[in-house]
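Notes follow the structure.
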Amino acid sequence: MEVVRLFNVKKTKEYEKMVLENNVQKILFRQLDNFWDGWNKEVISIKISQALGEMQENYLMSASTRLYKDGDMVFNPMHTVTWAIFLYRLSRLLYLAGNIYEANCVYYLNKIMNSVEWFYQVELPEHFMAEHPLGSVLGKAQYSDYLFVYQGTTIGGNRKKGKLYYPKLGKNVVLYANATILGETTIVNNVIVSSNTYIINEKVPDNCIVFGQSPNIVIKEKSEPEILEMTKHLWRW
């Protein structure tokens, strides 16, 4: 027997947004149910839309057509970096709203699924991206916009004379695999940190590539246009 459709749903942006939110919620709730009891579905559901809105803004400047295409975010939960960034943003929104237990559940889920240490108390920038970021630890630091990290990268504090110091990162910083930034380190704008670089308590200037090990790091100075050219495959300048 033929089914007669009495109406057609116009696939507007609002409709697509609603479908995406519902699908994301189903996936997320199934995952959370595997590990914890007692979390509040309502408080998490409320924040899903806001987290996806932040993802949309985040991906707006991505140069990858896997992530942003035809004027819209490409949100694929099977793309693990997308899911990891979404879980971070959701956990932070829950934390800022005072829903600490739910924030912990989502944060811990991110560690289990994606092997990242992106704690909700740490404020990552509006435009933040990663590529296969297994083992990345983004600890307490002052972050600026357009941060891109790869696997095994570490940013965190260092104790000196009984006091903890944390790094300060400028705009458009790229950390390649296993780069480590610690302590009273300042990295200014448009800096590429090469693989296996170890920096502690250093001042890294604008517009450069840095590699090596503190206290003997090597800095190769570049112009701003050169660094922007070298990072245009990451961001839509």
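Quick one: if you stick a label point 7 Å off each Cα along the C-beta vector at residue 236 and residue 203, how many nm between them?
Placing both labels 7 Å along Cα→Cβ, they lie 3.8 nm apart.
Under 29 Å between alpha carbons, and skipping anything fewer than 8 positions from residue 163 in its own chain: which lysines qualify?
Qualifying lysines at Cα under 29 Å: 111, 140, 171, 203.
How far apart, in nm, are the 7 Å Cα→Cβ label points at residue 213 and residue 30?
Using points 7 Å along Cα→Cβ, the separation is 4.7 nm.
Taking every DSSP beta bridge that has both residues in the chain, what percent is antiparallel when rounded to the nearest 5?
Details: 10 of 37 bridges.
Here the antiparallel bridges make up roughly 25 percent for the chain.
For a label point 7 angstrom out from the Cα of residue 161 toward its Cβ, which stretches of the range 182-207 have the backbone nitrogen within less than 19 Å?
183-186, 200-203, by backbone N distance to the label point.
If each residue of separation counts as 0.36 nm, what is the full-extension length gain between residue 43 and residue 123 once their alpha-carbon separation is subtracted?
Additional length available on full extension: 26.7 nm.
Under the definition of Cα pairs under 8 Å and six or more residues apart, what whole-number percent is the relative contact order of the range 109-201?
Over the range 109-201, the number comes to 21 percent.
Roughly what angle does helix 80-96 make with the longest principal axis of the chain, taking Cα atoms, 0 to 90 degrees, to the nearest 10?
The two axes meet at around 90 degrees.
Return a whole-number percent for the relative contact order of the chain, with Cα pairs under 8 Å and 6 or more residues apart as the contact set.
11 percent
Over the chain, average the accessible area per residue using a 1.4 Å probe and give it in Å², no decimals.
53 Å²
For the chain, set up a GNM with springs between Cα atoms under 10 Å and report which of 20, 169, 67 has the largest fluctuation.
Comparing 20, 169, 67 in the GNM, the peak value goes to 20.
Can you show me the helix-derived [θ] at 222 nm for the chain, built from DSSP H runs with n ≥ 4 at -39,500 (n - 2.57) apiece and divided by the number of residues, rounded to the nearest 500.
Here the helix-only value at 222 nm equals -11000 deg cm²/dmol.
The values are calculated or read from the model by the stated rules, or taken from the named source; none is laboratory data. In this text the structure is predicted, and so the values were computed from the model without any measurement. Here Cβ is always computed from backbone atoms with ideal geometry, including for glycine, and neighbour counts include all displayed protein chains. Side chains included, ligands, DNA and RNA excluded: accessible areas come from the protein's heavy atoms. Shrake-Rupley method; radii C 1.70, N 1.55, O 1.52, S 1.80 Å.
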